[in-house]
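All remarks here apply to the structure that follows.
The values are calculated or read from the model by the stated rules, or taken from the named source; none is laboratory data. All figures in this text were calculated on a predicted structure; none of them were measured in a lab. Reconstructed Cβ throughout: ideal geometry from the backbone, glycine too, with neighbour counts over all protein chains shown. Just the protein is used for accessible areas: all its heavy atoms, side chains included, with ligands, DNA and RNA removed. Shrake-Rupley method; radii C 1.70, N 1.55, O 1.52, S 1.80 Å.
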Amino acid sequence: MERGLYDSLRVAEWFVANTDRESGASITHLKLQKLMYYAQAWTKVLLGKKLFDSRIEAWMHGPVVTEVYHRYKSHSYHELPIPDEAPDLDTNVEFVLSEILRVYGKYDAKYLEELTHQEDPWIEARNGLPLEARCENEIPLEKMEEFYRKMNEENS
């Protein structure tokens, strides 16, 4: 079984540390969850590797990495504090994560939540549950890879 390149908390810390707050960008717990989801999907599509091992679940407000949720939930909807230093990651991984920030990081958390709600991996994992229903179903990496690979090919 393929192992993830990094611990999910290390990837989350990279996003929190590398959000360009001087440009007016901010990162909340909800936004971080969506960035983690897109990072896992696009790392698999672009590098052929699993970024982290943690499950991504199809929660009411979109995809959630549970370890990251528990680490940052005390911040509620407030901006996450800047860590003392950013973790070093592989150059190719940092390139993908930087692209995630460039493409998705300009949007607020609610926009990203709505975006994930329109995409097949989250919809299929919810399996027809009403939006307000609690759900811990996993969003399979294979479904994410398939969906975003197709999107990548259509946009190439």
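May I ask you to list pairs of residues, at least six apart or on different chains, whose Cβ atoms are under 7 Å apart, with the first in region 4-19 being open to solvent by less than 20 Å² (accessible area, probe 1.4 Å) and the second being acidic (Asp, Glu) and assigned to a helix (DSSP H, G or I)?
Sorted first by the residue in region 4-19, then by its partner, the pairs are Ser8/Glu67.
If I filter region 63-73 for residues that are of a type in the set (D, E, K, R) and over 18 Å from Glu136 (Cβ atoms), do I get at least one hit?
So the first thing to find is which residues in region 63-73 are of a type in the set (D, E, K, R), and the list is 67, 71, 73.
Filter again for over 18 Å from Glu136 (Cβ atoms), leaving none.
No, every residue in region 63-73 fails to be of a type in the set (D, E, K, R) and over 18 Å from Glu136 (Cβ atoms).
If you check Lys44, Lys49, which single one turns out to be open to solvent by 60 Å² or more (accessible area, probe 1.4 Å) and in contact (Cβ under 8 Å) with a residue 24 or more places away in the chain?
Working: Lys44 fails: open to solvent by 60 Å² or more (accessible area, probe 1.4 Å).
Among Lys44, Lys49, only Lys49 is open to solvent by 60 Å² or more (accessible area, probe 1.4 Å) and in contact (Cβ under 8 Å) with a residue 24 or more places away in the chain.
Taking the residues in region 29-57 that are of a type in the set (S, T, N, Q) and under 22 Å from Glu136 (Cβ atoms) as candidates, determine which candidate is farthest from the chain's Cα centre (by Cα). Walk me through it before giving the result.
At the first step, the residues of region 29-57 found to be of a type in the set (S, T, N, Q) are 33, 40, 43, 54.
This time we only want the ones that are under 22 Å from Glu136 (Cβ atoms), so: 33, 40, 54.
Working: Gln33: 5, Gln40: 6, Ser54: 11 Å.
Restricting to residues being of a type in the set (S, T, N, Q) and under 22 Å from Glu136 (Cβ atoms), the top hit is Ser54.
Can you tell me which residue is nearest to the chain's Cα centre (by Cα) among those in region 105-156 that are under 15 Å from Ile56 (Cβ atoms) and of a type in the set (Ser, Thr, Tyr)?
Filtering region 105-156 for residues that are under 15 Å from Ile56 (Cβ atoms) and of a type in the set (Ser, Thr, Tyr), the one nearest to the chain's Cα centre (by Cα) comes out as Thr116.
Across region 100-114, which residue is most open to solvent (accessible area, probe 1.4 Å) among those that are in contact with a helix residue (DSSP H, G or I) (Cβ under 9 Å, 6 or more places away or on another chain) and either outside any helix (DSSP H, G or I) or on the phi > 0 side of the Ramachandran plot (or both)?
Top of the filtered list is Asp108.
Here's the yes/no breakdown for (1) hydroxyl-bearing (Ser, Thr, Tyr); (2) part of a helix (DSSP H, G or I); (3) exposed (fewer than 15 other Cβ atoms within 10 Å of the Cβ):
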| position | (1), (2), (3) |
| --- | --- |
| Thr116 | yes, yes, no |
| Trp122 | no, yes, no |
| Leu129 | no, no, yes |
| Ala133 | no, no, yes |
| Glu145 | no, yes, no |
| Tyr148 | yes, yes, no |
| Glu153 | no, yes, yes |
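Sort out which residues of region 56-99 are in a helix (DSSP H, G or I), under 16 Å from Thr43 (Cβ atoms), open to solvent by less than 70 Å² (accessible area, probe 1.4 Å) and of a type outside the set (D, E, K, R), and write them in order of number.
Step one: of region 56-99, the residues in a helix (DSSP H, G or I) are 66-75, 91-99.
Retained after the next criterion (residues that are under 16 Å from Thr43 (Cβ atoms)): 68, 91-99.
Next cut, open to solvent by less than 70 Å² (accessible area, probe 1.4 Å) only: 68, 93-94, 96-99.
Hits for region 56-99 are Val68, Val93, Val96, Leu97, Ser98.
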